[in-house]
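Written out below as structure tokens is the structure these notes cover.
None of the figures in this text is laboratory data; all of them are computed from the coordinates on show. Keep in mind it's a predicted model, so treat the numbers as computed, not measured. Note: ideal-geometry Cβ built from the backbone for every residue, glycine included; neighbour counts use all protein chains shown.
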Amino acid sequence: MAGGAAGRKRRDAVRHKDRVTSVVGGTPPAWFSYPRAGALRQHRAPRGGVGNRLAAPLRTGRSRPPGSALLRPAALPRTRPGWYTGPVSDTPPADPALARRLAGHVEALAGTIGERGIFRPDAYDAARDYIRRELIDAAGPGVPVQVQGFASGGRTVANLEVVRLGTDPALPCLVVGAHYDTVRGTPGADDNATGVAALIELVRTLSAGTHARTVRLVAFANEEAPFFDGPEHGSLVYARSLKAAGERVNLMLSLEMLGYFTQTPGSQHYPPLLAPFYPDRGNFIGLVSNLGSRARLLELAAAFKAASDFPVEHLASPEWVPGVSLSDHHSFWREGYRAVMVTDTAFYRNPHYHTATDAPETIDVAGLAAVTAGLAGALARLAAG
């Protein structure tokens with residue numbers, strides 16, 4: 001997840017060592033700012049490697065008050081003691097094979113390769129090549145992986161795309177994307193090996209010709225600083241290419257950090273004013289959009305709930321609310337497309353965000369598997385037309 005950007009008319013973001021402030025599409029009230037890193041509750045990383053997390057999924061029940069999708073204070077309680085209070089379960093994941101594959105992708109990207117970006121070009125290339133091989137395997141025989149290369153920092157970097165063709169080319173397509181680069185100094189397990197792992201497995205679950213809408217699944221380069229929101233931002237390069245080709249997009253989903261969950265009370269943080277309307281435990285997946293994408297956000301939320309009982313919360317808000325715009329969905333907003341971020345809420349929950357401890361052993365693979373399965377079911381519903 002991006003934490004900074006350079007000199008854009010619609011966005012000015014400044015990252016310090018322990019504090020980030022962000023302004024998107026206007027100037028927010030003075031009391032809006034990101035929480036200081038030191039103020040976040042520190043959670044001890046689980047013992048053992050990624051494989052040990054296969055036996056630690058979140059609870060499967062869901063209980064949520066009506067109307068928490070949007071800020072409608074009259075319809076919401078004024079306090080929330082924590083709506084998801086079930087203990088972490090010892091039951092294995094519903095799909096152990098999926099969980100093992102996801103764990104393998106996270107370990108390969110964040111464990112074997114580690115920090116990957118323009119400042120470590122060999123590792124960046126290794127990540128690109130690994131993702132391409134896995135996309136080829138997931139897509140199956142005869143399905144190409146398209147490589148969209150572009151110049152960045154004196155070399156060529158690449159977006160990688162698999163297209164699952166639909167039966168009705170007249171329908172606007174769906175786009176699912178996840179960035180594969182990291183900031184300097186972090187192996188990037190949650191940010192964003194988890195998103196890439198889910199992307200690869202979503203390619204595996206979608207078959208061409210079984211749904212009406214075409215689905216484009218893309219691994220993006222250059223999401224992190226110094227490229228975010230600039231001309232070498234991979235998702236912006238891709239979104240602009242769609243726009244130039246006249247491609248209509250029904251919805252873009254940005255997979256941004258999908259693997260950190262906790263049942264600890266008080267572990268979930270929010271921008272000011274939002275906390276009374278959402279859970280205080282970081283045990284849900286979040287769906288976030290701007291106001292223009294609200295209708296699509298609600299459709300996605302309904303589709304996810306129909307496919308999964310994993311806890312989900314959603315928010316449609318102005319773009320200047322801190323954190324709302326900090327991923328690849330923002331590139332699609334800039335080009336006039338509707339887009340939603342799917343996220344575990346990053347620095348509002350995960351104490352390892354953008355640090356050397358964002359390692360594979362901190363990932364709840366069972367939770368990641370549940371989210372991935374829910375997204376697969378939601379995509380199938382949305383792609384049906």
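The table that follows gives values for the structure above.
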item	result
Karplus (6.51, -1.76, 1.60) ³J(HN,Hα), θ = phi - 60°, over segment 196-202, in Hz, Gly and Pro reported as x	5, 4, 4, 4, 4, 6, 5
For ARG296, ARG120, ARG184, ARG349, order by how many other beta-carbon atoms lie within 10 Å, fewest first	ARG184, ARG120, ARG296, ARG349
Cα pair distances exceeding 23 angstrom across segment 102-383, given as percent	49
Interchain or long-range residues, amide H under 5 Å from ALA225's placed H	GLY3, GLY4
Electrostatic dipole magnitude of segment 134-231 [Cβ: Lys, Arg +1; Asp, Glu -1; Cα centre; debye, to 20]	280
Shape call, segment 196-242: gyration tensor on alpha carbons, a/c limit 1.5	oblate
Antiparallel bridges, percent of DSSP beta bridges restricted to segment 102-383 (to nearest 5)	45
Residue-by-residue Karplus 3J(HN,Hα) for segment 225-236, coefficients 6.51, -1.76, 1.60, Hz, glycine and proline x	4, x, 9, 3, 6, x, x, 9, 6, x, 5, 6
Vicinal HN-Hα couplings computed from phi for segment 258-269 (Karplus, 6.51 cos²θ - 1.76 cosθ + 1.60; Hz; Gly/Pro x)	10, x, 10, 9, 8, 9, 5, x, x, 7, 9, 10
Nonlocal amide H pairs with VAL175, under 5 Å, H built at 1.01 Å	ARG216, LEU251, MET252, LEU253
Gain on full stretching of the segment that runs from GLN148 to ASP125 - 0.36 nm per residue minus C-alpha separation	6.9 nm
Net charge over other residues, Cβ less than 12 angstrom from the Cβ of THR156 (K, R count +1; D, E count -1)	0
Of every Cα-Cα pair in segment 311-385, the percent that sits beyond 17 Å	59
Part-to-part distance (alpha-carbon centres) for segment 297-359 and segment 208-276, which is given in Å	8
Cut-off 11 Å between beta-carbons: net charge of the residues surrounding HIS211, Lys and Arg +1, Asp and Glu -1	+2
